[in-house]
Amino acid sequence: MEILFKKLGINGEGIGYDKRIPVFCDGVLPGEKAEVEIILDHGSYRKARCEKLLQRSSERTVPVCKNQKRCRSCPMMILSYDAQLKYKKELLEEALYKYGNVKRDLVRNIRGSELRTGYRNQFKLPVREKDGKLITGMYLPDSNAFINIRHCEIHDPLLEKTKHDVLDVLNTHHMRAYDGRRKQGIRYLVMRILDGKIQCTLITGRDRLSESLINDLISVEPVISLYQSKNTIKQSAGIFGSDPVLLAGEEYLTTKSGDLRLFLSPESFYQLNEPQAQKLYETAVSKIDPCNIIVEAYCGIGAMSLMAHAKAETVIGIENIPSAVRNAEMNARENGIDNVRFMCMDAADGLLKTARTQQVDTLIADPPRSGMDDRMLEAIMKTDIKKIIYISCNPATLAKNLKVLKQKYLLRTVIPFDMFPQTPHIESIAVLSLPGSKQ
């Protein structure tokens, strides 16, 4: 079957039509004609596999990663970077209009990333065995199928090199991959690099790691921090299990963000593309007018709360992960900032608690991919917050949340950022305000 593909889908796949029925196919671009085989027919739409490209797009380029087709995590790597930015903005505009009835002219030009490969400063990789040796890889999208990926082009190069050094040490000590029946072995390898220093966390079963293994791992350069978390839950919702325990080295990984010095624990969230995150945060803070009270929901380690401290008399950060709150409090102390405080609470509960005694002028919110839940939306609608700075990594959930918030607020602008080059993911800042508000 020959199909002419018209546009890209939200996962970076090509979309064409067969008698008005959408056909989704990986590895095909808008403007390309391909011979395809239908592999799934869901009635209202179909999935296809490309057998042969018959007409190529001028925007197509050779991927820099030899695993690109097999891995499928970077579907836009076959596009020139200018084309990536163009299609990402279109995907954002389409989602906002479809799910939130947001006019396209409210979406500004997308801010491109200086780093297009080697930008990702953290990975959380499953560990398996091959020929008696530990290997890392990833699961194919929407699948339990594991593939061995020796090298990833979007990971920081030094992080990738150190990954192999850590695996060599584990293999020298004859460590095994996790066995669910015995509840022992290495399950995941978690590593983060900032300013050339690496924090390494082993997610294991019930294993007690030997002193010689610990010493050899902390001796790997540039690892400065070694943690262990034990996770024996079969269908674990997250990668981490027990609270990470420091085995050797420094308790925190530190980095500079503008004028701030930040301290991070293994579980603490931090943006993966650090240079682009700095621009995102600076833009978000620039949209805040001087005021009395700022609340940051889902504040993580408090980076934006601290960056915004000069904009208000008081800044309150809300976060439900205890270790992140401890990091945030330490970050405030170490930077000598005394008008910012943090609450370890659910975002909606923390906002309502604050609003009962104080007028919240500005809300900064950076929720997970699932967006704000109904309780958080209800909490916002019950208050008279003058201005909302909403940072989103998911256009669909942003659009659905904006549809609710627009019942009370005016949407002023949406500013997209390319935080994750080569992938279809889009980060954006939406600015809303109360009608008639000076904020």
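The values are calculated or read from the model by the stated rules, or taken from the named source; none is laboratory data. Only a predicted model underlies this, so the values are computations on that prediction, with no experimental measurement involved. Virtual Cβ from ideal backbone geometry, glycine too; neighbours counted across all protein chains shown.
Worth a mention:
- Pairs linking a residue in the stretch 207-222 that is farther than 20 Å from residue 176 by Cβ to a residue that is assigned to a loop (DSSP other than H, G, I, E, B) and not hydrophobic (A, V, I, L, M, F, W, C), with Cβ atoms under 8 Å and 6 or more positions apart or on different chains, are 222/196.
- Leading residue by the ranking (surrounded by the most Cβ atoms within 10 Å (Cβ to Cβ)) among those in the stretch 240-297 that are of a type in the set (Gly, Ala, Ser) and under 25 Å from residue 350 (Cβ atoms): 297
- Only one of 229, 210 that is at negative phi, surrounded by 18 or more Cβ atoms within 10 Å (Cβ to Cβ) and assigned by TED's automatic domain parsing to the domain that holds residue 192: 229
- Taken as a whole, the structure places residue 62 among residues that are surrounded by fewer than 17 Cβ atoms within 10 Å (Cβ to Cβ) and either assigned by TED's automatic domain parsing to the domain that holds residue 13 or in a loop (DSSP other than H, G, I, E, B) (or both).
- Against the numbered list (1) in a loop (DSSP other than H, G, I, E, B); (2) of a type in the set (Val, Ile, Thr); (3) in contact (Cβ under 8 Å) with a residue 40 or more places away in the chain, residue 337 comes up short only at (3).
- Within the option set 234, 256, being touching a residue at least 60 places away in the same chain (Cβ under 8 Å) and either among the basic types (Lys, Arg) or assigned to a loop (DSSP other than H, G, I, E, B) (or both) holds for one residue only, 256.
- Extreme residue, surrounded by the fewest Cβ atoms within 10 Å (Cβ to Cβ), among residues of the stretch 340-388 that are of a type in the set (Asp, Glu), part of a loop (DSSP other than H, G, I, E, B) and free of Cβ contacts under 8 Å to residues at least 40 places away in the same chain: 373
- Any chance residue 418 is of a type in the set (Asp, Glu), in contact (Cβ under 8 Å) with a residue 24 or more places away in the chain and in contact with a helix residue (DSSP H, G or I) (Cβ under 7 Å, 6 or more places away or on another chain): yes
- Any hit, the stretch 122-136, residues being buried (at least 19 other Cβ atoms within 10 Å of the Cβ), touching a residue at least 24 places away in the same chain (Cβ under 8 Å), outside any loop (DSSP other than H, G, I, E, B) and hydroxyl-bearing (Ser, Thr, Tyr): yes
- Residue within the stretch 299-307 that is buried (at least 23 other Cβ atoms within 10 Å of the Cβ), polar (S, T, N, Q), touching an Asp or Glu at 6+ places or on another chain (Cβ under 9 Å) and in contact (Cβ under 8 Å) with a residue 12 or more places away in the chain present: yes
- Positions within the stretch 1-46 being among the acidic types (Asp, Glu) and part of a loop (DSSP other than H, G, I, E, B), in sequence order: 13, 26, 32
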